[in-house]
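The values are calculated or read from the model by the stated rules, or taken from the named source; none is laboratory data. Being a predicted model, the structure only gives us computed values, none of them experimental. Cβ coordinates were reconstructed from backbone atoms using ideal geometry, including for glycine residues, and neighbour counts include every protein chain displayed.
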Amino acid sequence: MTPSRNATDAAGLSLIEVMIAMVILSIGVMAIAGLMATGSRSQVGSRMETTAGHYIDEKFESLRGQTRVSADMSAGDIPPRGTTPSARPARGDAATSSPR
């Protein structure tokens, strides 16, 4: 008995079906890999924002107990009482810098 034409065609058809299934599966796997990379970047950004929030909370708590004239409070650009920011000389002005 010789194989009929239908049996040979069926074997070739199943090979094509397997190849198409593998292509579809590989596209799905690549899409999931792309989502994992995006999720990882998002997670790193969230971790950095959380760390910054903890640092800000810690700094606010340490400054909360300080008075306005404390050395920790004068390290920034806070105007003295009774003056406005425009009345003070800018940083680096000749009036505030000392000769070398």
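Only one of the listed residues (SER42, SER70, SER97, SER74) is surrounded by 10 or more Cβ atoms within 10 Å (Cβ to Cβ), of a type in the set (S, T, N, Q) and at pLDDT 90 or above. That residue is SER42.
Residue check: ARG64 meets all listed conditions (1) basic (Lys, Arg); (2) surrounded by 10 or more Cβ atoms within 10 Å (Cβ to Cβ); (3) at pLDDT 70 or above but one, namely (2).
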